[in-house]
Amino acid sequence: MTDASRSAHDAARALRDLALVLRPVLARPGRLVASVLGVAVGVAAVVSTLAGSGAAVSSLGEDVEMLAGPSVLEVRGPGGVPTAALEPLRPLCDEVLLVPVVEDTVLVAASDRRVRVLGLDLLADRRLVEAGVRTGAAIDDAAGARELLFGTGVLVPSGLAEELGAVKGGSLELTIHSRRSDVAVVDVFDPGRLASPWADTLVADVDTARELFDRGERFDRVEFVPREAATSGVEALRERARGLLAGTAFERLRVEPPSTRRAEGERMVSALRFNLAALSGVSMLVGVALVATTLATSVVQRRERLALMRSLGASRLQLGLGVLGEAATIGLVGGAVGVARGSIGADLAVAGVRGAAFSIAPRATGTEVRFESWWIGLGLALGLGSATLAALLPLREAASVPPIQGLRSERPRPLRARGHAIAWSAAFALLAIAAVLLQLPPIGRRPVYALTATVVVMGACVATTPSVLDAASRLRVGGAVVLRLAQAGLSSSLGRASWATGAVAIAVGLAIAMTTFVGSFRRTITEWTEDALSADVLVRSSSVDGMRPEAARAIAAAATAGDVAFYRESPAWFGDATIRLGGSDFGVMAAHSRTPMVAGGATRDVFARALREQGVIVNEPFARQFDRWVGDDVTIEAADGVLAARVVGVAREYAGQEGRVYVDAARYAELVPDPTVASIALFLPEGADAGEQRERMARAVPADSDAAVVLRRELITEVMSIFDRSFAVTVALQILASIAAALAVVTVLGALVRERRFDLAVVRVVGATRRQVTALVLGEAFVLGAVGAAIGATMGVAIGWILVAVVNVQSHGWSLSFVPPWVALCWTAAAVVPACLVAGLPPAYEATARVPREVLRENG
C-alpha cells in the first residue's frame, strides 16, 4: 500500500469514527439539547458562585502582597502600631525605610459601594510608581500637593472615578463612622494593568487617613522597605527588629512578612468559597444523572446497530470510543454554554454571596465581576469530566451485550435474588463508609470528608434503585389492570427503567437535601433572632467601623425610659489567630438579655457570673474552632493590654463565622482605646412606648450621620428577608429537580416504547384502544416518578441531616436544629410526580401514532 493510499485509508477511517460519534448525537437533537442543558446548568452554577464570591471579597488574598509593594516585613498589633513605636525601630533605618500605613474600607455615601482607602507616606513611599500606577501632573502644583498632604485630598483610580462620577477638582462623599465626610479629588490616576487592586483603592496621605478614621496616634502597620545598601536578609532583619522591641512597651507587636496577612485574609473566606462551590456542585450531580440517562437510552436505542457493527468486526474499544465521544461532545458543548451562562449570572450571585462574605470579612471590598480566562478551562473541564463520568454505565452496557443477543432484540434477564442481595450489600457497605467519613475532622474548616459522605450516601440509595423498582413492579394493585400492565412492562426492562428512576431520585434527593438544610437553618435563625434581638430599639451604623462616640452619646441621651447598652468591638489576637473582642454593659445584659447559650446555664445568670467573676463569654464558633468551653482559660491580646480570663458561657450566635470574645464594658475600655460604638441597644420597661422612644432617638441623630434607629420587630423582619433572599436557590433546585426528572422519564420511556413496539402493537391488535395504551405508558411514568421520588426523599432527608449536623458545624461552627422537611417532601412530590406524568405524554403519543400492522410487519 502506497503512502497516498494509506493516508486515504486513515482519513476514511477517521471519518467513520467521527460519524460513529456524531450520528447518534445529531439524530435526536431534543435529547442532545436536554443533556447539554443539564451539564450547562451545573457548570453555570459553579462558575457564577466562584466568580460572585471572588468579586464580593476582592480585597483579600493576592491584593495584600500586591499593595504591599517592595516591603519585606511589617510590624502589626491588634489595635494598630503606636507612633511612638517608631522610635525603638529607628536603628533599622540604615537598611530599611520605615513606612507607616493606614488602610480601611469605607462606603461611598451615594451608593452601597465599598472602596479601600490606603494611607501612605506620599513623600517617601514609591510603591505606586513601582506598581505601574501612573498619576497625572496635577499633584505637582502647589495647591494640589497642599490639599493632598495637609488637607483631605485623595487620588482616585480612573475606572472608579467614572463609576462614582468623581472628577478632578471635585469631591467624594464617604461614610466613615456613620458620618458623611467629604474628601477632595486631587487627581485621577491610571491604575495600570487590568484587575489591579489599585483599581478599587483611594490613595491618601497617611496623616489624612489617620484623621479620617480617627486613628489618633496609631498606624495600622509599619512596613519595612529595604534600601539599596541593605545587606541583612529578611530573617536577620526580623530578629533584629524583635530584639529592638523586646523590653519596651511595644514588645507585644509582631514582625511578620506581608504573606502572613495575606494568609489571614484568604483563610477568612476560603471556607466560604469551598462551601459555596460544593453546594453549587449539586447542580453538576443533577447534570451527571441526566447525561447518564441520555447516554444509556442512546445505547439501548442502538442495540441492534451496535450488535451489527460487532458482527461486522468492530471491536469493543471502537464502540466504547463512540460512546465516550458522544459524552465528550455533550460535555464540551455543555461546559461552553455553562461558562457563558455562569459569567452572566455571576453579577446576580454577587448580591447573594456579599452578605455572607461581609459577615466573615467585614472590611473586604466588593467589586464588579471581571471575566477571568481560567473560567473557560474550568467550565470545559467540569463539563467533560461530568459527562465522561456519566458515560461509565452506558459504556458497560454497550460493551457487554453479545452480538447475537442484540441482533435478536433479546432483552436482558430480570434481576434475580442474587442480584438483589449484591445491591443491598453494596448499599450497606457504602453506608458504613459514610458513617466512618462523618467521624473524621474537617481539613482547615473545609468539611471535605463530610461532603464526601453525602456522595457516598447518594451512591448507597441509587444502588438500591433496581431492587426497589422491582418490588414496586411486583406489587399487586387490585382492580387497576392498566397499572399492573405498566408494572409488568417496567419489570421486563428493569435495567433501563432503573436509570430513569435513579436520575429522578438524585434530582429529588438533592432538592430535598438543600430544602432540609435551608429549612432547618431558617427555623433556627427565626428562633435565635426572637431571643437574641431582645432590645426594643436598636441603633446601628451603616459603616463597617461604627459610630463616633459623641454621636452615640447624643442618640442614647434622647431616650427617656429604659436601660441603654453600648456595644463596641475591635480586632484582637488569640494565639496566632485574629478574632473579635466585644464589650458591652454586662449589668444591663444580665437584667434584659435573652441571648441563647450553648453552655454555661441561663443567659442572665451567665452575664451576672461573668460580671461578678470578671470572666468572658465566647461565641460558639470560637468555642468550636479553638476548643475552649466553660471553665477553660483564654488569653487575648488586645490593643492596650492582655486579657487573661475564664470562659463562663458559650453564646449561640449566627452573626458571623469569626470567633468572638465578650467582656464587660469597663474591662473593654481598659483594653481598647478606640471609643467607637458599633451599636446601641435600648431595653424598655413593660408598657413603655417603643415607637415614641424610637422617634426621640431618631431626631437626635446628627444631620451628617446615617445611623439608623429601628424597632426590634423591624430588625427581625429585615433579617429574615435577607435570609430568604440569600437562600432563594432552593426554589430553583426544586424546579431543576422537576425538569431533570421529566427529562429522565422522557428519554427512558421513549426508549422503552421503541424497544417494546412489537408488544404494544400486539396489545393494540387484540383490542386495546389508543386511550388504554396511553394510560399504560403514563402508568409506567407514574411508577418511575413515584419510586424515584420515594428513594429521593429518603436520600434527601439523610443528606439534609448530614448538612445540618456535620457539614454546617465543621464549616461555620454553628449548631442548628434539624427540622424534618415534611412540607418540602409534599411539595416536591407534588411537583415531580405530575412532571413525570406529563413527561410520559410524548412516548405515549409515539406508542399510538403508528398503525399496528406496520409494526408487526417490520418485526415479522
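Please treat every number below as a calculation from the coordinates, not as lab data. Note that the structure is a prediction, hence the values are computed from the model and not measured. No Cβ is skipped: glycine too gets one built from the backbone with ideal geometry, and neighbour counts run over all protein chains shown.
FRET efficiency for GLU95 and ALA432, Cβ-Cβ distance as r, R0 = 56 Å, nearest 0.05?
0.35
Amide H to amide H under 5 Å from GLU103: which residues, 5+ apart in sequence or cross-chain, H placed 1.01 Å off N in plane?
Under 5 Å from the amide H of GLU103: GLY119, ASP220.
Quick one: if you stick a label point 7 Å off each Cα along the C-beta vector at GLU217 and ALA421, how many nm between them?
8.5 nm
Assuming R0 = 51 Å, what is the FRET efficiency of ALA246 and TRP822, from their Cβ-Cβ distance, to the nearest 0.05?
Result of the calculation: an efficiency of 0.20.
Between GLU173 and GLU692, what FRET efficiency follows from the Cβ-Cβ distance if R0 is 41 Å, with the result rounded to 0.05?
The pair GLU173/GLU692 has a calculated efficiency of 0.80.
Arranged from highest to lowest average of other beta-carbon atoms within 10 Å per residue, in what order do the peptides 86-95, 518-527 appear?
Top of the packing list down: 518-527, 86-95.
When a/c is below 1.5 the answer is rounded, else prolate if a/b is larger than b/c, else oblate, so apply that to segment 511-652 with a ≥ b ≥ c taken from the square roots of the Cα gyration tensor eigenvalues.
Note, shape of segment 511-652 comes out rounded.
How far is it, in nm, from the label point at VAL234 to the one at ALA84 when both lie 7 Å from their Cα along the line to the Cβ?
Using points 7 Å along Cα→Cβ, the separation is 3.2 nm.
In what sequence, highest mean first, do 828-840, 551-563, 420-432 appear when ranked by Cβ atoms within 10 angstrom?
My ranking of the peptides, most packed first, is 828-840, 551-563, 420-432.
Only sites in a loop by DSSP and with at most 15 other Cβ atoms within 10 Å count here; which trypsin sites (Lys or Arg not before Pro) in segment 766-860 make the cut?
ARG850
Explain nothing, just compute: Karplus ³J(HN,Hα) = 6.51 cos²θ - 1.76 cosθ + 1.60, θ = phi - 60°, for every residue of segment 508-520 in order, whole Hz, x for Gly and Pro.
5, x, 5, 5, 5, 4, 5, 5, 5, 4, 5, x, 5
Under 1.5 on a/c is rounded, so check that first for segment 666-714, then, if it is not, pick prolate when a/b is larger than b/c and oblate when it is not; a ≥ b ≥ c are the square roots of the alpha carbon gyration tensor eigenvalues.
Judged from the Cα gyration tensor, segment 666-714 comes out oblate (a/c at least 1.5, b/c at or above a/b).
Hey, rough spin-label estimate for GLU163 and ARG594, points 7 angstrom out along Cα→Cβ, what's it come to in nanometres?
Output for this residue pair reads 4.2 nm.
For the ranges 504-515, 249-260, what's the packing order if you count other beta-carbon atoms within 10 Å of each residue, average per peptide, and put the highest first?
Ranking the peptides 504-515, 249-260 by packing returns 504-515, 249-260.
For segment 190-262, count the residues as N, evaluate 2.2 N^0.38 Å, and divide the Cα radius of gyration by that value, please.
1.43
Suppose the chain between ARG146 and ALA708 were pulled fully straight at 0.36 nm per residue; how much longer would it get relative to their current alpha carbon spacing?
Answer, rounded to one decimal: 198.7 nm.
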